[in-house]
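Here is the structure we will look at.
The values are calculated or read from the model by the stated rules, or taken from the named source; none is laboratory data. What you see is a predicted model; the values in this text were computed from it and never measured. Every residue, glycine as well, gets a Cβ built from its backbone with ideal geometry; the counts of neighbours run over all protein chains shown. Ligands, DNA and RNA are excluded from the accessible area calculation, which covers all protein heavy atoms including side chains. Shrake-Rupley method; radii C 1.70, N 1.55, O 1.52, S 1.80 Å.
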Amino acid sequence: MPKDGTQTREKILDTAQALIYQRGFTATTLDRVLDGAGLTKGAFFHHFKNKDDLALALVERYLEGEVAMLEDLISRAEQLCRDPLQQIFIINGLMIEAIDGGEPMQDGCLFASYALELAEFDDKTRAVACKGFETWREIIGAKMAEAIQKHPPRIPTEPKDLADTMLAMFEGGMVISKLDNDVNAITRKMKTFNDYLELLFGISEADDAEGK
């Protein structure tokens, strides 16, 4: 029976992604990827034409995973509560719970890593990387729009700006976490975003306790 190369391909992708988080794309050479994966160049070129092909495969896989994660978080939040604003708090809480539980999302964001070196990628890879941020804005922004419609904020605000701020707190928390070697930095920033939402929408402790 022919060997299934899926495991080898995933090993290459996993190793490359981890190295990109540590070193950036430019410094992540094929030799480093192969050394880390314990594979030969022949094994690499069986699955990828070149480093650009690898970069595209990485970001496509990452986008698929991010969309699935966001849809799952929203689905879980909607099952727990009908109010869109409270659903946002639940989504943020589920993300904090996942990070505190040691899930991989605390390791880094491939979209952010690519964004720092966009000039190094071809047009197709750049487009997929940019789509990652736009997808977040669309999915989370739609939920923010529902919250704004039901709970007019104290000051005018746009759903996409709230979605971007939530993402910025998450991404910024990861950067600070690495700089300070503080694994709790991400969750603190995300909890700060919760505090901001409570101030923006004028939520009192009583309202929060009642789930309004």
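In this simple spin-label model, placing a label point 7 Å from the Cα along the Cα-to-Cβ direction at both Gln149 and Arg188 gives a separation of 3.8 nm. Taken per residue, the accessible surface of the stretch 36-161 reaches 53 Å², heavy atoms only and a 1.4 Å probe. For the chain, a Gaussian network of Cα nodes joined below 10 Å ranks Asp31, Asp164, Asp100 by mean-square fluctuation, and the top entry is Asp31.
Against the chain, whose longest principal axis is taken from its Cα atoms, helix 84-100 shows a tilt of about 40°. Full-extension gain between Asn50 and Glu78, please, as 0.36 nm times their residue separation minus the C-alpha to C-alpha distance. Additional length available on full extension: 5.8 nm. Rolling a 1.4 Å probe over the protein heavy atoms of the chain, with every protein chain left in place, gives an accessible area that is 52 percent carbon and sulfur. When the alpha carbon gyration tensor of the stretch 122-202 is reduced to an equivalent ellipsoid, its three semi-axes come out at 24, 21, 7 angstrom, largest first. Along the stretch 10-27 the Karplus relation, 6.51 cos²θ - 1.76 cosθ + 1.60 evaluated at θ = phi - 60°, assigns HN-Hα couplings of 5, 5, 5, 5, 5, 5, 4, 5, 4, 5, 5, 4, 7, 10, x, 5, 4, 7 Hz to successive residues, with x for each Gly and Pro.
Kirkwood hydrodynamic radius computed over the stretch 59-152 comes to 14.5 Å, based on all pairs of distinct alpha carbons. Inter-part distance, the stretch 1-41 to the stretch 68-140, computed on C-alpha centroids, equals 24 Å. In degrees from 0 to 90, rounded to the nearest 10, what is the angle of the helix 159-180 Cα long axis to the longest principal axis of the chain? In the chain, helix 159-180 runs at an angle near 60 degrees to the longest axis. Restricting the calculation to Cα atoms, the chain shows an Rg/Rh of 1.04 when the hydrodynamic-style radius is the Kirkwood one. Using the Cβ-Cβ distance between Ala27 and Lys124 with R0 = 30 Å, the FRET efficiency computed as 1/(1 + (r/R0)^6) comes to roughly 0.85.
Using the Cβ-Cβ distance between Asp161 and Asp14 with R0 = 35 Å, the FRET efficiency computed as 1/(1 + (r/R0)^6) comes to roughly 0.55.
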